[in-house]
Every structure is written in structure tokens, then in C-alpha cells.
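A quick write-up on the structure given underneath.
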Amino acid sequence: MDINNNPDIPEQLKNILYISLPEGTGRKIGDFIIDENHLIPVEIPKGQSELDLTNLSWEMIVSAMLRIFAYKPDHSDIEYYRKFIHAVQPDIIPELTKTGVIKAEDKDFLLAEEIFLALNHFAPEEPFTFLNLAFLYEEMAEIAKKTGSFLNKLKENYLNKAFETYTAGVEAHPDHPDMHFYSGYFYLKNQNPSKTREHFEFFLGLAPEDERSSEIREITERISMQSQDDQLFTEAFDLIKLENEPEAITRIDQFLQRNPQVWNAWFLKGWAHRRLGEYSKGKDALEQSLELEKYTTDIYNELAICCMETGFLTQAYNHLKEALAIEPENTKIISNFGVLEMKKGNPDEALRFFLTVQELDPDDPIAADYIAKLSGA
């Protein structure tokens, strides 16, 4: 009889004893021969300090073997244990699966995890052993998420385990539609559109007539369209930076046709028109942006500029006032107050604003230039 004192042995296997069968006790179960040269694992029952071999049963041996499958699948005798279990309990896979599902439904997650881990390592040729384990980890992550922010690390741990399980499942069963179907949904829920589309396209290639295919096609098309829209948005921003505002406006108009509720798209359009000196068009676009987003100073600031240039000085003042309430020390906004006062014919008030900018940022070139002009230097 041998017990694990090895520090490398998982904690869950510390109570497992390995017993040797007496010579001549080997027997045959179907095509399987019990080999007395292999040590047999048995777990000491809870509350007991030693094992009573008079009560030894097949179930106790199988239970210990399954625990080894769960926590040490690289055990040197693992293939022997696999054959042993198949011979002694040929219906173990459906029976244990049912037990694992019941435990998961009862929120006994630790026992459910052990069962599904054991099944996954015992029967990796069955795709559902990967899926059940991954589903469990997703549920455990969701419970941790709902419990509170202090369990965020635990949530991430379970999500990582789910990811690893889906990845292993796809590697083991690359041509199984369900592996790609559920992997795709996992990535969809976790904001990874490229991986979602990858798995959904695999699913559609493997099961084009599946009843779920129309739903998956719709999601895939939506992701593809979103990817195109993201590219349009990025290109529009880059084109403005490259001073190609007309082409940027073409791109952002294409984006807005499908995404009219995106405030920063309207902002980009207004910004581009303002840079072109098309202040009326810029004002219209920026007002659309402001309808959708009330707390971004850049919208108020750009809109104020367009209002000043189109003669709506009161509106310009109100927009700058809203912006300054959000960011009281934003020198760009304070400078535009100075410009507004100049347009209103109040040079002394304008100078006061530019001096304030200089106090906040002595290196501001715009303030320095206006101060020099207004001071008659």
C-alpha cells in the first residue's frame, strides 16, 4: 500500500492510496485483463484516517481513478485506468454526464467542475465533454461577475478556463459544427468580432443547412458590416489629419448611412467641414453630434467656432459656457472666448481671456499672438 506524500501531487489527490493486488488475483472482465502489476488507486473516505479494505468495491476504485483523470491526466497508468473503467462501468460516460449536469443545476460548481474535468480527460473523443466543461466555466464566470467587482479576478480566471477549453475542443474536433457554433458565441459575448466571425464561418461551411445557419449568417454579415464601418471611421479620421477633408467627408457620410446615432461620426464630419471653412455645414453636423452627446467639450468648442463664423454669436457664447463648465481650465475654450469678444467688438474683454490662457499655459502661442496684437505691441 502506498500513499502520496509527493508535494507535486494535487491537493485533491492527497487522500488517494495505491494498493497492490495479491499475486494470482488477476481476472478478466470482457476483453480486459486486470493486471496485478499495476497499483490500484483507492480514496480514503472522509472522516477516516485509514482504509478498510474489507469494504473495497469497484465503485471506490473507479471513483479514485476518475479523480486522477480530473486532476492528473498525465499519470503514468492513465491508459490502464481508462481501460479499467470502461470494463467495470461501460455506461460511465452518460451516467457521469447526467450527474455533472445535475450538480451544475444545483450550483454545486466545484463538484460539477471535477466531474466534467474527469469526463473531458477520460473521453476527449466526445465533443460534448469539452462543451459541458466550457459551459460550466462560463456560468461560473457569470456568477462571479454578478457577485461584485472584488471577484473580477475570479471571473477572468473562469473566462480564461472557458477560452482554453473551447480552444482545446476546436483543436480536438476541428470539423464538429457545435464546437465552432458555441466557440463563436463565446467570442461574441466577449467582444471579439474577428474570432466570432472565424468560428461562425467554419460552422456555416460545415453545416450550411443547419436550422441555426440563418441566425449565424445574419450575425456574421452584421460583424462584417461593422468591420467595414470601423475601417471607414478610421480612414476618415486619418484623412482629416492628412488634410484631405473632402475625402474624409465622403467616408464619414458612408459610415453615417448605416450608423446615424454615432455622435463622434457627426463630430468628425463637422470638424472636417469647419477645417474647410464650410461653417454652415459644420454647424449642422455638430448640432447633430450634440443631440447625441452632451458631455464632450470638443463638440461645444467646434460648434462655437462655426456659430461665430456664421454670425450666431449668442449661440457661440452659450456653447463655450457649457464647455467651460465641463473643463474650467481648458485653454482652447478660454481662447475662443477671447476670439468671441473680439468679434463682438470688446478688445479689453478679449485681452482678459487671453491673459488667463497665458497664466494657465505660458507657452501657448495663440494667446501670445493675440496679446501682442491687442496690446499694440
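The values are calculated or read from the model by the stated rules, or taken from the named source; none is laboratory data. Keep in mind it's a predicted model, so treat the numbers as computed, not measured. We place every Cβ from the backbone using ideal geometry, glycine too, and count neighbours over all the protein chains shown.
List of remarks:
- The condition of being farther than 16 Å from Val101 by Cβ, surrounded by fewer than 22 Cβ atoms within 10 Å (Cβ to Cβ), over 14 Å from the mean Cα position of the chain (by Cα) and free of Cβ contacts under 8 Å to residues at least 60 places away in the same chain holds for only one of Ala123, Ala144, that being Ala144.
- Any hit, region 100-115, residues being assigned to a helix (DSSP H, G or I), in contact with a Gly (Cβ under 7 Å, 6 or more places away or on another chain), modelled with pLDDT of 95 or more and on the phi < 0 side of the Ramachandran plot: yes
Here's the yes/no breakdown for (1) surrounded by fewer than 20 Cβ atoms within 10 Å (Cβ to Cβ); (2) in contact (Cβ under 8 Å) with a residue 12 or more places away in the chain; (3) not small (Gly, Ala, Ser):
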| site | (1), (2), (3) |
| --- | --- |
| Ala87 | yes, yes, no |
| Lys103 | yes, yes, yes |
| Ala118 | no, yes, no |
| Pro127 | yes, yes, yes |
| Asn132 | no, yes, yes |
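- Meets criteria (in the same structural domain as Ala368 (by TED's automatic domain parsing) and not charged (D, E, K, R)) for Ser335: yes
- Every residue from region 333-348 that is in a helix (DSSP H, G or I) and loosely packed, with under 15 Cβ neighbours inside 10 Å: Lys343, Asp348
- Some residue of region 362-372 being over 41 Å from the mean Cα position of the chain (by Cα), in a loop (DSSP other than H, G, I, E, B) and surrounded by fewer than 19 Cβ atoms within 10 Å (Cβ to Cβ): yes
- Of all residues in region 65-103, those satisfying the criterion of being under 25 Å from Met140 (Cα atoms) and in contact with a Pro (Cβ under 7 Å, 6 or more places away or on another chain) are Ile68, Tyr71, Lys72.
- Pairs meeting the criteria (first residue in region 184-213 and closer than 23 Å to Lys155 by Cβ and exposed (fewer than 15 other Cβ atoms within 10 Å of the Cβ), second residue modelled with pLDDT under 95 and among the small types (Gly, Ala, Ser), beta carbons under 8 Å, at least 6 apart or on different chains) are Ser194/Ser227.
- Taken over region 157-177, residues that are surrounded by 17 or more Cβ atoms within 10 Å (Cβ to Cβ), in contact (Cβ under 8 Å) with a residue 40 or more places away in the chain and part of a helix (DSSP H, G or I) amount to 2.
- Any chance His180 is assigned to a helix (DSSP H, G or I) and touching a Leu at 6+ places or on another chain (Cβ under 9 Å): yes
- Wholly within region 187-299, helices (runs of 4 or more DSSP H) carrying at least 2 residues that are within 30 Å of Asn318 (Cβ to Cβ): 213-241, 245-258, 263-275, 279-292
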